[in-house]
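The structure under discussion appears below in the form of structure tokens.
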Amino acid sequence: MYKSNKKNLMKLTPIEVIDLSVLLGKDLILDKVSCSIKNNSITAVIGPNGAGKSIFLQTINGLTNIDNGKITFNKIYNNDEIRNKQAMVFQTPTLLRRNVKSNMDFVSNVKNKNGEIVIKNILKRVGLEGYDDKPARLLSGGEKQRLSLARALLIEPSVLLLDEPTANLDPFSLKLIEEIILEESNKGATIILTTHDMAQAKRLASDIIFFNKGKILEQTDANAFFRKPLTKEAKKYINGEILL
Amino acid sequence: MNILLEAFAKSFELVFSLNEDLFEILLLSLKVSGISLLLSCLIGLPLGTFLAIKSFWGKDAFLVLFNTMMGLPPVVVGLIVYLLVSRSGPFGWLGILYTPTAMIIAQMILITPIIVSLTSQIIEEISQEYKSLFASLLVPSHKAIIAYLFDARYSMLTVVLAGFGRAISEVGAVVIVGGNIDHLTRVMTTTIALETSKGNLSLALALGIILLSIALTTNFILIRLKISAKRRMYV
């Protein structure tokens, strides 16, 4: 059984998002969204496709330009030091055209992280022990996502951003990734993940942010959200109805 | 038909008897093409990479220019280099006309646009593929460039081969600036042209066979490497 082992992580929380608007071309993807993400929480960002969940995550990670509003991390605007303590796992993992070990080595080199042993342990943790020499792009979907997560873990992030980390994955990968998410949370990381899987959101999340059409309709405690959603859109979404 | 067979027999005899003249020509060809390829790569790889990853005003014009230059007629390049390095030209003082140096320069002008254009296409593709990941990881530019070139190494081999193929098979430019001087600037392609015009088909054919063998061998190695890389999804 995993033991809680809080790491000395740089405090990037609370993450305050205030009146955030993001345009992609002429399309308004995020429309004056505001929310607060608590320290050491697991926040599930849910909502229908095209609601702006992924862009929300990417904007927190500094990958998208902010057109209006602001995001602060423990009252500090995003900067490279803060971004160096974040790790993002994309929905479709981008793996380098190298083997598994070299993918890890690359991140280790970029982030000046030491240790063959650390890499070995992380690969073991994500179930990729003995895969060192296997070409990364020949891995299965679940293995690719686990390698992508392993690279993120190597950073020892204070904030872990996961964009649908278990979409279309096999049960083994799903269970392993969920266990790692909980372990990282126990270690003190703040985790924000997008998901379409309501059961997963119930299993993992302490907080829920519900998006629809580029707006946040609800941000609340996960239990309260699933017990009694405040908006009709959220009710419909939880009940599996299609939101138009 | 008999003449052709006789020529083939003689050509094989020349190759297998390690004919001195033949190998002098072969070595000079490889030297000129190899050096011009190396120098073109030194210029073309960084330039192509720069064009692929940097945005600046006029970038498209540069790409169009280099793409167009891929089809430069060798005789025109030979003529321009000739005018530049001939005694009355601006670089006449260098005294390099009818030397291997002038041939290397002419070949470089022909190869460099190929290296630049193809490198640019390959690096642009891989940089787009890695864009979000590298931005998220805050990968410094120099490390990103090294990663692009390293991860695209199998595709880059095609670029190098294309450059080598252009150089080794080129005749128009090197004959103008090299002059096809025996024991000095005579290379395989110019010798084939000369010996064919003299009716000495055996030497021409021998050189043709060697030229083809070089092309086949390099292509074979490249294809093997690419198949192996594809199997590992490295391309």
Query - Counted residues, region B:179-209 - those being assigned to a helix (DSSP H, G or I) and under 17 Å from the mean Cα position of the chain (by Cα) - result: 3
Requested in this report: Looking only at region B:123-145, decide whether some residue is surrounded by 22 or more Cβ atoms within 10 Å (Cβ to Cβ) and more than 10 Å from every other protein chain (Cβ to nearest Cβ).
Outcome: yes
Query - Residue ID - farthest from A:L149 (Cα to Cα), chosen from residues in region A:223-244 that are buried (at least 20 other Cβ atoms within 10 Å of the Cβ) and of a type in the set (A, V, I, L, M, F, W, C) - result: A:A234
Requested in this report: Among the residues of region B:79-98, write down those that are under 14 Å from B:G179 (Cα atoms) and polar (S, T, N, Q).
Outcome: B:S86
Query raised in the report: Within region A:215-235, which residues are within 23 Å of the chain's Cα centre (by Cα) and either farther than 18 Å from A:A199 by Cβ or among the polar types (S, T, N, Q) (or both)?
Result: A:K215, A:I216, A:L217, A:E218, A:Q219, A:T220, A:N223
Requested in this report: Kindly indicate whether B:Y82 is part of a loop (DSSP other than H, G, I, E, B), more than 14 Å from chain A (Cβ to nearest Cβ), in contact (Cβ under 8 Å) with a residue 24 or more places away in the chain and touching a Leu at 6+ places or on another chain (Cβ under 8 Å).
Outcome: no
Query raised in the report: If you check A:L162 against the conditions, is it over 11 Å from A:I46 (Cβ atoms) and crowded, with 22+ Cβ neighbours inside 10 Å?
Result: yes
Report summary line: Those residues of region B:210-229 which are closer than 30 Å to A:D133 by Cβ and either in contact (Cβ under 8 Å) with a residue 40 or more places away in the chain or outside any helix (DSSP H, G or I) (or both) amount to B:T218, B:N219, B:L222, B:L225, B:K226, B:A229
Query - Candidates B:F56, B:F50, B:F66, B:F62, filtered to the one that is among the aromatic types (F, W, Y) and under 28 Å from B:A215 (Cα atoms) - result: B:F66
**Report entry** Every residue from region A:184-206 that is under 18 Å from A:K53 (Cβ atoms), of a type in the set (D, E) and buried (at least 21 other Cβ atoms within 10 Å of the Cβ)
**Finding:** none
Query raised in the report: over 22 Å from the mean Cα position of the chain (by Cα), more than 14 Å from chain A (Cβ to nearest Cβ) and surrounded by fewer than 17 Cβ atoms within 10 Å (Cβ to Cβ), is that true of B:G71?
Result: no
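Report, by residue number, each residue of region B:35-64 that is assigned to a helix (DSSP H, G or I) and free of Cβ contacts under 8 Å to residues at least 12 places away in the same chain. First the steps, then the outcome.
In the first step, residues of region B:35-64 are kept if they are assigned to a helix (DSSP H, G or I); the result is B:35-53, B:59-64.
Within region B:35-64, B:L38, B:L42, B:P46, B:F50, B:K59, B:D60, B:A61, B:F62, B:V64 meet the criteria.
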Query - Failed condition for B:V64, given (1) of a type in the set (V, I, T); (2) under 30 Å from A:N78 (Cβ atoms); (3) surrounded by fewer than 17 Cβ atoms within 10 Å (Cβ to Cβ) - result: (2)
**Report entry** Which listed residue is within 24 Å of the chain's Cα centre (by Cα) and of a type in the set (F, W, Y), from B:F56, B:F8, B:F16, B:F23
**Finding:** B:F23
Requested in this report: Return the total of residues in region B:146-179 being of a type in the set (D, E, K, R), within 14 Å of another protein chain (Cβ to nearest Cβ) and in contact with a helix residue (DSSP H, G or I) (Cβ under 7 Å, 6 or more places away or on another chain).
Outcome: 1
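Values quoted throughout were computed directly from the atomic coordinates according to the rules given, and no laboratory measurement underlies them. Keep in mind that this is a model prediction, so the values were computed, not measured. Note that we place each Cβ from the backbone using ideal geometry, even for glycine, and neighbour counts take in every protein chain shown.
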